[in-house]
Amino acid sequence: MRNSRLITGAGKAVAVAALLVWSLLPIAFIVMSSLKPGRDIFAVPTVYVFTPTFQHYASLWTRWGQFFDGLLNSTVITAGATALAVVASTCAGYVYSRNSGRFHDASVMFLIVVRLIPPIVVTLPLFPIVNAIGLNDTHVVLMVLYATFFVSLGTVLMRTFIDQIPRELDEAAEIDGAGRFTILRRVIVPLAAPGIIAVAVFVVVFAWNEFLFAFIFTATNAKTAPLVISEMLGSMDGVDWGILFAASTVQLAPVLLFVVLMNRYLVAGLTAGATKG
Amino acid sequence: MRSRNIAQTLPLIAPVHILILSVIVIPSLFVIWLSITKSTYGQAPTFVGLENYFQVLSDPAFRSALWNTVVIVVFAVHIELAVGLLMALLFASGLPFRRFLLVAVLAPYAVSEVIAVVMWRYLFDPDAGPVTLALKGLGLPILDWAYEPSHAMILIGLLTIWLHLPFTFIILYAARLAIPADLYEAARIDGATPLQAFRRVTLPLLGPAIVVALLFRYIFAFRIFSEVWLLTGGGPARSTEVVAVYLYQEAFSYNAFGTAAATAWIMVVASLLLAAGYVLLLRRQVTANAQ
């Protein structure tokens, strides 16, 4: 009996170790390589002990100024897309939570079906239109695109979270003479905060990391950080891996920290999003 | 009362619907029009019926892209499901430092496709990648992904699994946690072995979560673009193209908007077919919620 428990324990330890290696090692390699002296990055055999250097970060700063413009663009676009998606989803989620009936059910169904359309499909007509109205290569176009591809999930998530707030609270506020907007602002938003954070986490991670739309709709002014990194990766005169790793670390660190801090909301959001929408 | 109700709720749902209609629905419908016309920049479109669809479906490059996409979807999604399920069982069996391990396993969710490509290109660099060297050290074959299309496909598959395993795992783990412990207690008292308990209790009760995870991942894996585009660009010689890369090439490299639009609608229809079962499940749930 004792033996079999030992074996189970050892088996679990091996499985956990394998999972940790699988999940974290690729990330660790990026960070570690960004600190390696240039000649050690592709050394055979792989170098694990070295004197850390910040030379690649310094070169990134001096040679790829546009990467830092990209970070700034990413920040602005992520903030805008998140604000837009959160406000729109919370308002709609409130309505869908408090009203049912054929019209509302059908319109929720419609939101879910829309998620099936692959994003690349809409780039075909939007590309010439965005060009024609002069929105190409602006922050606004990416904010709107990112928010739109998350408002359907956001609405369904917010409906699930708002469903848990007792209707009596709305009614009490209504008796006190509060209108819809006041109830939403004073009653729903404070109590639905975990849902709002969950939606925000999804949009932040998506907008910060997105590649396809940024690739198609930006050229110079609104270029995001992932796009600049992809240009480093596709550089014709050879990839400077030290700089590439430094840039990757800088792009990854904030969003990784964010996911670690927000992991509870992320798990709650994923669970609610998958079962309800 | 009723009209007042609508007047008050409409402004609240309007932003979501305006965004979705103007950015997704109307453009997608316009793609149907594009798909039955022939046009390039600076030319008036002419109506050609279903010609674009025939042209796409008979294009060997499209067929190869479709085949590659199906291979990635089938392999990556099912491996993800199997591993995600094992992980869910492992976590549910009780682990020390559970919260820390959960966060560690979740980490790849934060990684963008671009960074993931940087990572995996480095790890599997044919000359000096750490994984390549480790494989060589163990006497195992290495992935010559820059020249060998099938090896490139394996690398794309690994990358996709790495990026999306956290999602599949969380769905299954949440569902596993929702199974009441009494059921396992009852199974144990009835003399069920752990394997029997898994087959007769865990698996049936995880059924809906498995269906949801699978369909989500089928639909999202079918759109795969960035991983392929950034890793191989579809090459060598278009051999690793997937449907979304084929679409991009038609539209933005060859300016063939008609065939690109036809490809787009083939993608939409394929996604709808994949989702048909899912939508039926959901409709049942929505009506159940309403009651």
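Give me the aspartates and glutamates in straight-line cross-link reach of residue B:136: C-alpha distance below 15 Å, same-chain residues under 8 apart excluded. Within the straight-line cut-off, residue B:136 pairs with B:125, B:127, B:144. In a GNM of chain A with a 10 Å cut-off on Cα contacts, which of A:195, A:242, A:134 has the highest mean-square fluctuation? So, out of A:195, A:242, A:134, the one fluctuating most is A:134. Fully extending the segment from residue B:59 to residue B:154, taken as 0.36 nm per residue of separation minus the present Cα-Cα distance, adds 31.8 nm.
Which stretch or stretches of the stretch A:98-133 have amide N atoms under 19 Å from the point lying 7 Å from residue A:191's Cα along the Cα→Cβ direction? Within reach of a label on residue A:191: A:98-100.
At an R0 of 35 angstrom, the distance between the Cβ atoms of residue A:132 and residue A:83 translates into a FRET efficiency of 0.85. Which of rounded, prolate or oblate describes the stretch B:58-118 when judged by the alpha-carbon gyration tensor and an a/c cut-off of 1.5? Oblate, since a/c reaches 1.5 and b/c is not below a/b. If you build a Gaussian network model of chain A, linking Cα atoms that sit under 10 Å apart, which residue out of A:122, A:228, A:141 swings the most? Checking each option, the largest mean-square fluctuation is seen for A:122. Listed values for the stretch A:190-200 are Karplus-derived 3J(HN,Hα) couplings in whole Hz (6.51 cos²θ - 1.76 cosθ + 1.60, θ = phi - 60°), namely x, 7, 9, 3, x, x, 4, 5, 4, 4, 4, and x replaces Gly and Pro. Considering only alpha-carbon pairs that sit under 8 angstrom and 6 or more positions apart, the relative contact order computed for chain A is 31 percent. Annotation: amide H of residue A:222 has no partner in the under-5 Å range at sequence separation 5 or more or interchain, hydrogens built in the peptide plane. Result for chain A in a Gaussian network model with C-alpha springs under 10 Å: among A:60, A:256, A:124, the largest mean-square fluctuation is at A:124.
Applying both filters, DSSP loop and at most 16 other Cβ atoms within 10 Å, to the chymotrypsin sites (Phe, Trp or Tyr not before Pro) of the stretch B:40-108 gives B:41, B:97. Karplus-based coupling profile of the stretch A:26-38, in residue order and whole Hz: x, 5, 4, 5, 4, 5, 4, 5, 5, 9, 7, x, x, with θ = phi - 60° in 6.51 cos²θ - 1.76 cosθ + 1.60 and x standing for Gly or Pro. Straight Cα distances below 14 angstrom link residue A:223 to the aspartates and glutamates A:69, A:137, A:210, A:231, with same-chain residues fewer than 8 positions distant left out. For the stretch B:120-130, backbone phi angles converted through the Karplus equation (6.51, -1.76, 1.60; θ = phi - 60°) give residue-by-residue couplings of 6, 5, 5, 4, 9, 3, x, 9, 9, x, x Hz, Gly and Pro being listed as x. Amide hydrogen proximity for residue B:37: with H placed 1.01 Å from N in the peptide plane, the residues at 5 or more positions away or on another chain lying under 5 Å are B:48. Loop-located trypsin sites (Lys or Arg not before Pro) in the stretch A:165-204 (DSSP state other than H, G, I, E, B) with a sparse environment of at most 13 neighbouring Cβ atoms within 10 Å are absent. Computed from the C-beta positions of residue A:113 and residue B:237, the FRET efficiency with R₀ = 22 Å rounds to 0.05. Working from Cα pairs under 8 Å separated by at least six residues, relative contact order for chain B is 29 percent.
Of the chymotrypsin sites (Phe, Trp or Tyr not before Pro) found in the stretch A:1-85, those in coil by DSSP whose Cβ has at most 10 other Cβ atoms within 10 Å are A:48.
Throughout, read-outs are computed from the coordinates displayed, never taken from laboratory work. Computed from a predicted model, the values in this text were never measured in an experiment. Using ideal geometry, Cβ is built from the backbone for each residue, glycine included, and neighbour counts are taken over all protein chains shown.
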